[in-house]
Amino acid sequence: MLFCLLKTEIGNYDRKKWIVNLVLIMPILLEKERNMQHNDEIAGFSRKDEQLDIKDILFKILSKWYWFAICGFLGLSIGWVVNRYSLLIWQVETTIMVSDASKKPGIDNLFDRFSLAPKINLQNHIELLKSYSLNRMTIENLGWRTSWFAKGKFIDSEFYNNEPFSVVEPDGWVNPDNIQIYVSVLSDNLFEVKFDYQDSINGRLDLIRFKQECKLGIPVRSPQICFTLNKRNGSLRIGSNYYFKFNDANKFTLMYSGKANKLAVGLTDKTSEILKLTVRGTQPSREVDFLNELSNVYIQFGLREKNRTAENTVRFIESQLTGIADSLRITGQSFTNFRSDNQVINLSQEGSQILTKGSSLETEKAVLEMRLTYYQNLKNYITSSDLMKKAITPSIIGITDPSLNNMVMKLAELYSKREVLSFSAEDKNPAIIMINNEIFSTRNNLAENLNNLESDSKIQLENLKSRIIEISKIAEQLPQTEQQFINYKRRFDVNNELYTFLLTKKAEAAISKASSVADSQVIDKARIETASVVGPNTFLNLMIGLILGLGTPLVVILLIGFFNDTIKNREEVERSTNLPILGEIGHNRYDKEFVTIEHPRSEIAESFRGLRTNLQYILKGHDQNVIGIHSTIPGEGKSFISLNLATIIAMNDKKVLLVATDMRKPRLNALFDIDHKQTGLSTYLINRDSFDEVVRTTHVPNLSFVSSGPIPPNPSELLENGGFKRFIEEAKKVYDYVIIDNAPVPVVTDGLISARYCDANIFVVRQEYSHIAQVYYIDQLATKEMMPQVCLVINDVEIHGYGYRNKYGYGKYGYGKYGYGRYGYGRYGGYSGYYDDVQRLTRWEKFFKKFLKKIKK
């Protein structure tokens, strides 16, 4: 059919008509597939698979499409409100270049030829920039003690660098943080201050409310808070309301460097040595100031670390020069006086040789003693990172041992690296543990090396002392005046050489410090002009709102479906039992009980006709049929099914007797408007009335009715006294069908008693009302053979415009308005072609048809 249709339309090549035909024919083919599944099911084939459950879930979701539309709209509206009233998020950036020529502070490329200079570690610099110490120093330098805000309708706006007042705190007074202090401008010089805070009074926390009118420049005092407001540049608008709070520097610091991670530091490229610092916030000017100050603090920190050794060297030399300068002055004065007093100008050749050799030995002795003192001090310095900062490099005092210099430099580097890591890591961090182990190993090696050097120096010193003694013995053979001259000259020359040596080293250290520059430098400073808006993300907020809006009803529907164990469709009943299902009765959309009489062309009337037809297979071979209608709980539609089933059978020219066996809560009596208090089944069972006296005719042709009669105290005993069996036998002689409306089975035993005399027992289960456990109960009744010929009917099945909620139900256009209409069999029955099947289109398909017709026009 589809092939012929497409072939015809392609031949005509009417594109619009071809699209219309394709849209219309696809739903018809899908419905034919459903009908094929129905036929296969009747023939004994089963097509159950997991896909059917997915379809059922999809149909449930589509049935609540309006909730998705409403919640989706609300979600988008919330996203729009968030975008509309959220503060703009600005991103500010700065870049810092870390030179690869960086060396350990104070090491002036001394060991480049040995490749001993430490290489730069950019990760250390990143951690240093994000450290608490540098960020805390930055916050303190900026002086962000207070934050001012203006009250708004929805959000409060913050001031930065344009605060209406300046706040002055008294010296030594510490105001509590994060208390909102409200300020209302009353006049140019008068304002009102109010705030609330908790204070401990007699060991109990009480809420203190403060409100006072104050003047500018006059302190505002309370037991806990004291400050003075001064007017800044600009005029104040009378009636304006502001509030401010004292900031906690610790929280501010943690906001940038802590878990909030407001400050981001990273490499511009994996191979580059340029660090990019990024900060996001609602006040771009504040973020610009923060980044620039942080860059300055970072550079000064590096420069300070780099100049530390030079400063230590200068301090060490100055401490040494103080004593040597005094000795040089004294020995110089003594030498000059001796020469004046004794008129000695030059020494003899032998005395000159002794003086030269003695002076050389004394100089070596002084240098060796200085080294020995350095070794002893260095042994104490290596035990602490703070003391290590005071140490000077061995080269300052002329020690050129590469091994010693390498270990001193390595230990200083490890201490510095551990200090940087301690800014952002705890002591139990694996990296710090590894550095501590390396420091321990390096420190032990250095201590062992220093012990050896100290021991060698002591041996050399003893050797020098013995050689000096020998020179002194030789000098004793000279004349006494020459001996004294040699001693004065020797002491003066030794002090002079030491003084000259230390002055040279001091000048070198001063030159090194003066010529030192920072290894890091700012490439691009943070500027307002380069700030960019990065939030709020309007599209993301809208999408989140839409997803949450659509997801909320979806989750609710799925949760309700998960926890709802009521019967949802025919497939669920089929999976729970092997009992035959005679049919499905649609939802009664009419305010009538006799729907088969008053609306014979409705879909629900057709569902009763289907039930009547399927009953013929169950009751095949019976001339007189007794049918029991049961339910497990009240409210499942048992009486409604009994009434309309009896009516639809009577409309087929069959004599039907409807019996109200529920003598406890009869409902059929009211539907037929019969006074059951006079005669009925109960009066027959007690032998007060005859069969003909209790049977009543109704307004439905071929349908008679027996009411329940007066409510007896013992309905179960009446049904078992033999009278009900006699009643059924008499009814079979007169009527083709006897339909018994029973009381709910699990509640009372009346239904089990009457079921013995029935040829078929139909249990009514109601969609979205009955529970699966009731189906299991009915299945057990059949398994235990407590009732003959048990079968099921599903009542109150909802039929939706987009298709069938149940697998085999009758749709709106199945046998309803277009089934037996004024134009014969189908509204378009007189026409040929595919329009014969258009009568079964659903509402969505009909919508597309109208839409495409508009396209044609």
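The values are calculated or read from the model by the stated rules, or taken from the named source; none is laboratory data. Predicted, not measured: the structure shown is a model, and the values here were computed from it. Quick reminder, even Gly has a Cβ in these numbers, built from the backbone with ideal geometry, and neighbours come from all protein chains shown. To get the accessible areas, we keep the full protein, side chains included, count just its heavy atoms, and leave off ligands, DNA and RNA. Shrake-Rupley method; radii C 1.70, N 1.55, O 1.52, S 1.80 Å.
Tabulated data for the structure shown
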| item | result |
| --- | --- |
| Single condition ARG589 does not satisfy, out of (1) at pLDDT below 90; (2) open to solvent by less than 20 Å² (accessible area, probe 1.4 Å) | (2) |
| Residues (modelled with pLDDT under 70 and surrounded by 16 or more Cβ atoms within 10 Å (Cβ to Cβ)) located in the range 391-423 | ALA391, ILE392, THR393, SER395, ILE396, ILE397, VAL420, LEU421, SER422, PHE423 |
| Test: ILE581 is under 22 Å from CYS791 (Cβ atoms), open to solvent by 20 Å² or more (accessible area, probe 1.4 Å) and aliphatic (A, V, I, L, M) | yes |
| Meets criteria (open to solvent by less than 50 Å² (accessible area, probe 1.4 Å), modelled with pLDDT of 90 or more, more than 30 Å from ALA260 (Cβ to Cβ) and in a loop (DSSP other than H, G, I, E, B)) for PRO170 | yes |
| Residue within the range 210-227 that is without any contact (Cβ under 8 Å) to a residue 12 or more places away in the chain and open to solvent by 70 Å² or more (accessible area, probe 1.4 Å) present | yes |
| Residue count for the range 581-636, restricted to those that are over 56 Å from the mean Cα position of the chain (by Cα) and among the small types (Gly, Ala, Ser) | 2 |
| Subset tally (residues that are part of a helix (DSSP H, G or I) and in contact (Cβ under 8 Å) with a residue 24 or more places away in the chain) for the range 559-592 | 8 |
| Options GLY628, GLY709: the member that is open to solvent by less than 10 Å² (accessible area, probe 1.4 Å) and at pLDDT 90 or above | GLY628 |
| Counted residues, the range 689-704 - those being loosely packed, with under 14 Cβ neighbours inside 10 Å and part of a loop (DSSP other than H, G, I, E, B) | 3 |
| Which listed residue, of LYS677, LYS620, LYS638, is surrounded by fewer than 23 Cβ atoms within 10 Å (Cβ to Cβ), within 19 Å of CYS758 (Cα to Cα) and not hydrophobic (A, V, I, L, M, F, W, C) | LYS620 |
| Some residue of the range 604-619 being among the acidic types (Asp, Glu) and not in a helix (DSSP H, G or I) | no |
| Pairs, first farther than 18 Å from THR613 by Cβ in the range 635-654, second open to solvent by less than 10 Å² (accessible area, probe 1.4 Å) and part of a helix (DSSP H, G or I), C-beta under 7 Å, six or more apart | SER639/LEU668; LEU643/LEU668 |
| Selection count, the range 517-571, where residues are out of contact with any helix residue (DSSP H, G or I) (no Cβ under 9 Å at 6 or more places or on another chain), among the acidic types (Asp, Glu) and either surrounded by 14 or more Cβ atoms within 10 Å (Cβ to Cβ) or modelled with pLDDT under 85 (or both) | 0 |
| Selection count where residues are open to solvent by less than 40 Å² (accessible area, probe 1.4 Å), among the polar types (S, T, N, Q) and assigned to a loop (DSSP other than H, G, I, E, B), scope the range 238-282 | 3 |
| Options ASP741, ASP750: the member that is of a type in the set (Asp, Glu), open to solvent by less than 70 Å² (accessible area, probe 1.4 Å), under 30 Å from GLU572 (Cα atoms) and modelled with pLDDT under 90 | ASP750 |
| Lone qualifier among ALA773, ALA782, ALA760 - being open to solvent by less than 10 Å² (accessible area, probe 1.4 Å) and over 30 Å from PRO713 (Cβ atoms) | ALA760 |
| Restricting the range 432-460 to residues that are surrounded by fewer than 13 Cβ atoms within 10 Å (Cβ to Cβ) and polar (S, T, N, Q), the residue that is farthest from ASN124 (Cα to Cα) | SER455 |
| Any hit, the range 303-321, residues being under 16 Å from ALA507 (Cβ atoms), among the aromatic types (Phe, Trp, Tyr) and not in a loop (DSSP other than H, G, I, E, B) | yes |
| Where a residue in the range 117-136 is open to solvent by 50 Å² or more (accessible area, probe 1.4 Å) and its partner, wherever it lies, is modelled with pLDDT under 85 and in a helix (DSSP H, G or I), with Cβ under 7 Å and at least six apart | LYS130/SER257; TYR132/SER257 |
| GLU574 acidic (Asp, Glu), open to solvent by 20 Å² or more (accessible area, probe 1.4 Å) and either in contact with a helix residue (DSSP H, G or I) (Cβ under 8 Å, 6 or more places away or on another chain) or farther than 22 Å from LEU781 by Cα (or both) | no |
